[in-house]
Amino acid sequence: LLISSLLMMGKIRVERKMLPEITEDESLNINFILYNQGIYPLFNIELSDFLGCADKNKHRNFFVDWIKPKDKFETNYSCVCERRGEYTVGPVILTSYGLLGIAYARKTLGLKCTVYVYPRTFEIKKTPPLTKGYLPWFGLETIPSSGEDDEFFGLREYKFGDPLKRIHWLSVARKNKLMVKEFQRCSFYQVTIIFLLNKKENIGEGKESVSEYTIRIAASLTRHFIEKNICIEILAHAGRLAKYYPSNKGKDYMEEIFKFYAEATAESKITIGEFIYEYYNLIPHHSTLFIIITEENIDTIMEILHLKELDISIVALVVISVTFSANPPSKNDLGIIKGKIISRLYSTKVGVLLFCKGDNLEEIFS
């Protein structure tokens with residue numbers, strides 16, 4: 001019986017079909033197919049699949065009484081992925097109990113694969129005004145018309161085909177030759193998002209924690225700007241290493257960033273001030289900086305105000321960590337905390353948005 005079971009198991013082929021990426025609280029749907037490629041029937045087969053992304057009942061077991069030669073067994077199952085993360089699905093283990101259900105043979109079929117559970121995002125209807133950057137002007141060409149998205153760059157000699165309205169008549173009179181005005185396009189937006197997942201500052205539990213709110217805000221901003229075709233740069237510290245994604249855009253780039261958001265953990269042991277001091281030179285000039293911090297790190301904003309001299313707008317997204325504690329402040333005390341944050345940043349002309357536990361994050365960006 002054991003030998004016959006081993007011979008039959010050698011003629012088995014399996015397939016598992018599912019999406020490699022999914023969003024929090026969605027169901028991961030799996031299609032599983034077992035093929036009997038032998039000339040003998042299969043019977044008394046048990047299949048077990050491991051679902052690392054399921055919070056409960058991580059194993060799915062199926063018992064197959066009979067599969068005819070050259071036939072297949074197909075089933076569908078699912079699990080709800082409640083937490084973002086990088087998970088392993090598999091291996092699939094097949095157990096044959098033989099004719100009498102006494103002797104058995106077991107085989108690991110593999111099919112291990114990785115599933116990324118992305119953080120759930122919310123719609124961002126409006127953000128603070130962005131700073132316009134400048135397009136590279138290598139081999140700069142004359143732009144047909146000037147407007148609010150153009151900036152005067154200089155003068156050059158007239159070339160055949162240049163619009164006559166671009167002629168700078170004062171220079172013509174001075175140099176006795178035709179001169180035209182040249183403009184530089186400045187409608188290029190760049191955004192940088194900076195955040196840090198500090199272990200000591202991660203107050204709260206599960207999805208109602210400082211780190212989870214930070215990830216949701218960062219992920220939602222990332223999706224919003226990439227869908228608007230705006231270049232985005234990510235500077236973050238999670239786990240034990242810094243993560244840097246240089247300015248780019250596009251769907252593939254967003255998926256790369258979201259994989260990081262899926263697996264990021266609040267294990268950092270440095271402060272946001274230390275992190276920015278080391279990496280602030282990577283922030284492009286003529287751009288907008290969104291920095292996600294807690295109220296305990298407001299003074300960090302004062303330390304980076306010199307970035308405004310490089311035409312970098314700063315927007316502070318403040319997650320009020322005390323609202324995630326076991327003893328949150330009263331409504332009056334919370335109002336005082338918010339007032340202090342706003343008054344602290346008001347004179348610096350830094351944009352500020354405040355986030356508390358239980359807030360409707362979509363409404364804050366409306």
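The values are calculated or read from the model by the stated rules, or taken from the named source; none is laboratory data. This is a predicted model, so every value here is computed, not measured. Quick reminder, even Gly has a Cβ in these numbers, built from the backbone with ideal geometry, and neighbours come from all protein chains shown. The protein model used for the area step is the full one, side chains on, heavy atoms only, and it has no ligands, DNA or RNA in it. Shrake-Rupley method; radii C 1.70, N 1.55, O 1.52, S 1.80 Å.
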Those residues of region 208-254 that are farther than 28 Å from residue 132 by Cβ and exposed (fewer than 15 other Cβ atoms within 10 Å of the Cβ) come to a total of 3
May I ask you to list pairs of residues, at least six apart or on different chains, whose Cβ atoms are under 7 Å apart, with the first in region 343-366 being assigned to a helix (DSSP H, G or I) and the second being open to solvent by 40 Å² or more (accessible area, probe 1.4 Å)?
-> 345/352; 361/216; 362/123
When you go through 288, 265 one by one, which is the residue that is in contact (Cβ under 8 Å) with a residue 60 or more places away in the chain, surrounded by fewer than 16 Cβ atoms within 10 Å (Cβ to Cβ), under 22 Å from the mean Cα position of the chain (by Cα) and on the phi < 0 side of the Ramachandran plot?
-> 265
Verdict on residue 336 being open to solvent by 80 Å² or more (accessible area, probe 1.4 Å), part of a helix (DSSP H, G or I) and modelled with pLDDT of 95 or more = yes
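So that you can scan it fast, the table gives a plain yes or no per residue for (1) surrounded by fewer than 16 Cβ atoms within 10 Å (Cβ to Cβ); (2) β-branched (Val, Ile, Thr):
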position: 21; (1), (2): yes, no
position: 24; (1), (2): no, no
position: 28; (1), (2): no, no
position: 36; (1), (2): no, no
position: 42; (1), (2): no, no
position: 45; (1), (2): no, yes
position: 49; (1), (2): no, no
position: 57; (1), (2): yes, no
Of the residues in region 112-155, those that are at pLDDT 85 or above and open to solvent by 60 Å² or more (accessible area, probe 1.4 Å) come to 112, 114, 120, 123, 125, 126, 129
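Residue under question is residue 181, and the condition is that it be modelled with pLDDT under 80 and part of a helix (DSSP H, G or I); does it hold?
Taking the combined requirement at face value, the residue does not satisfy it.
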Take the residues of region 294-313 that are open to solvent by 10 Å² or more (accessible area, probe 1.4 Å) and among the aliphatic types (A, V, I, L, M): which is nearest to residue 352 (Cα to Cα)?
-> 298
Going by the structure shown, is residue 330 touching a strand residue (DSSP E or B) at 6+ places or on another chain (Cβ under 9 Å) and open to solvent by less than 70 Å² (accessible area, probe 1.4 Å)?
-> no
When the residues of region 298-307 are filtered to those that are touching a residue at least 40 places away in the same chain (Cβ under 8 Å) and in a helix (DSSP H, G or I), which remaining residue is nearest to residue 219 (Cα to Cα)?
-> 301
Hits in region 67-84 - residues which are under 38 Å from the mean Cα position of the chain (by Cα) and either polar (S, T, N, Q) or over 15 Å from residue 32 (Cα atoms) (or both) = 75, 76, 78, 80, 81, 82, 83, 84
